[in-house]
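Heads up: the structure comes next, in structure tokens.
The values are calculated or read from the model by the stated rules, or taken from the named source; none is laboratory data. All figures in this text were calculated on a predicted structure; none of them were measured in a lab. No Cβ is skipped: glycine too gets one built from the backbone with ideal geometry, and neighbour counts run over all protein chains shown. For the accessible areas, the whole protein counts, side chains as well, though only heavy atoms, and no ligand, DNA or RNA atoms are used. Shrake-Rupley method; radii C 1.70, N 1.55, O 1.52, S 1.80 Å.
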Amino acid sequence: MNLDQSIEKLNKKSKVAVLGATGVVGQVFISMLADHPWFDLVHIAASASKAGKGYKDEVHWVLPTQMPQSIEQKKLGLIDSAKLRDEGIKIVFSALPASEAKTIEPELRSQGFYLFSNASAMRYEEDVPILIPEINPDQLDLINKQGFPEKGFIVTNANCSTTGLAVALSPLRKFVIEEVVVSTYQSISGAGYPGLASLDIMGNTLPHIPNEEDKMGVELKKILQIEANVFPFCIRIPVLFGHMETVWITFKGNVEKEEILEAWSNFKFGGKGLPNMADHPVEYLNREDLPQPKMSFWGSPSGMQVFTGRLKKEKNRIGFTLLVNNLVKGGAGGSVENAEFFVSECGDKL
Ligand SMILES: NC(=O)c1ccc[n+]([C@@H]2O[C@H](COP(=O)([O-])OP(=O)(O)OC[C@H]3O[C@@H](n4cnc5c(N)ncnc54)[C@H](OP(=O)(O)O)[C@@H]3O)[C@@H](O)[C@H]2O)c1
């Protein structure tokens, strides 16, 4: 069954829910799902105290884009599996804090729901994929290990800064990556809302983001299936959106800059027709002053591309900078793309 047939079989949009809808990642989910060609956003939820209240009144909208009109009058609901089932929902997007996701996501999975999660809580389980379809599409098979199609499943996307790095490194795996030295410059939206106290971050730089460096090493290896040594420093900077990274890679053999550029330029995952997959996941910008966090919501689709720049070779090392939109490709957009990929592969089993 091809993609068109799968969609035709659905005959109507798949009904979906967003948990954590008032948070920063939740707002991107709302923006991307309000008018999605395959998904119908039926149910939105935040913490229980907000159930029954209007989304527009409860959310503190922080995105540089408008809140979709169709959502303004929508009411927040509870995270209640019976209610979700009554509403005909199977696919649930999660932007919950890890502390809550840890219990809520496995519980919903056990009730037969298909979870696409941004939280780190379940990422390190052996049968839970950290999926980035243009990099490791085979990882979707792990949902069968969780019991699909008879049972529900959880699919996660990576930590935001890891996603950007994984996408940029993916087409370079053929040169055999031995060592990755990375420094991140991460925006404050990465800490959610209200996130950091302004007195801590205004005009300042924080040299430590709890747990972030450990996540990068573990997740990068799980996603790319490589054994390279990874040496990260993760730093918080007073920028609203977008994470910058500087990267130095050592390969097994000699690799020239031209080979890196060619690998990025040839990196495509064409033919899938997913609404939110970038045709060119990595775009190299041949200007010394680019990329910059100001470009976070650039690209096609917006926010889904990773931009690289300042490629150089020093001794046997290749260095470059990169920019990833932490909320879109590194957050909600990654989950939406994962759900689109699932529908394109397994829509006939929905
Ligand atoms: N920010 C990023 O760049 C980024 C990127 C990738 C992944 N992530 C991950 O995505 C998740 C969400 O991040 P965020 O930055 O959007 O956080 P956030 O702004 O703090 O939003 C958290 C959301 O979860 C809801 N929530 C909190 N406690 C809850 C509970 N007990 N039951 C139900 N809902 C509850 C909040 O609702 P209320 O409004 O009612 O409190 C809010 O909607 C986290 O796991 C984070 O690590 C974040």
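Quick rundown of the values:
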quantity: Accessible solvent surface per residue of the stretch 238-309, calculated while the other protein chains remain in place, 1.4 angstrom probe, Å²; calculated: 50
quantity: Lys151-Phe233 pseudo-label distance in nm [points 7 Å out on the Cα-to-Cβ vector]; calculated: 4.5
quantity: Cα long-axis angle, helix 24-33 against the chain (0 to 90 degrees, to the nearest 10); calculated: 70
quantity: Computed lengthening from Glu256 to Ser110, 0.36 nm per intervening residue step minus Cα-Cα distance; calculated: 47.6 nm
quantity: Neighbourhood charge, 15 Å Cβ-Cβ cut-off, centred on Cys234 and excluding it, Lys, Arg +1 and Asp, Glu -1; calculated: -3
quantity: Straight-distance crosslink candidates among aspartates and glutamates, where the alpha carbon sits under 14 Å from Lys268 and sequence neighbours closer than 8 are dropped; calculated: Glu134, Asp279, Glu283
quantity: Accessible-area composition of the stretch 251-299, carbon plus sulfur, in percent [1.4 Å probe]; calculated: 45
quantity: All-pairs alpha carbon distance profile, the stretch 212-331, 5 Å steps from 0, percent; calculated: 2, 10, 17, 22, 24, 17, 7, 1, 0
quantity: Fully extended contour minus Cα-Cα distance, from Ser300 to Val176, at 0.36 nm per residue; calculated: 41.7 nm
quantity: About the Cα centre, charge dipole magnitude for the stretch 278-343 (Lys/Arg +1, Asp/Glu -1 at Cβ), debye; calculated: 440
quantity: Helix 98-110 axis, angle to the chain major axis (alpha carbon atoms, nearest 10°); calculated: 60
quantity: Among Ile260, Thr205, Thr246 - extreme Cα towards positive end, dipole of the stretch 186-271, charges at beta-carbon; calculated: Thr205
quantity: Tilt relative to the chain, helix 212-224 - C-alpha long axis, 0 to 90 degrees, to 10; calculated: 90
quantity: Charge dipole magnitude, Cβ of K and R +1, D and E -1 - the stretch 176-243, Cα centre, debye nearest 20; calculated: 220
quantity: Over the stretch 47-143, equivalent-ellipsoid semi-axes from the Cα gyration tensor in Å; calculated: 27, 18, 13
quantity: Of all accessible heavy-atom area on the stretch 1-132, the percent that carbon and sulfur account for (1.4 Å); calculated: 46
quantity: Accessible solvent surface per residue of the stretch 53-198, calculated while the other protein chains remain in place, 1.4 angstrom probe, Å²; calculated: 43
quantity: Per-pair calculated FRET efficiency, R0 = 25 Å: Gln66 and Ser198 via Cβ, rounded to 0.05; calculated: 0.50
quantity: Per-pair calculated FRET efficiency, R0 = 41 Å: His208 and Glu126 via Cβ, rounded to 0.05; calculated: 0.90
quantity: Sparse-neighbourhood loop sites, GluC sites (Glu not before Pro) in the stretch 214-283 - DSSP loop, at most 12 other Cβ within 10 angstrom; calculated: Glu227, Glu256
quantity: Helix-only [θ]222 nm of the chain, DSSP H runs n ≥ 4, -39500 (n - 2.57) each, per residue, nearest 500; calculated: -8000 deg cm²/dmol
quantity: Cα convex hull volume per residue for the chain (Å³); calculated: 131
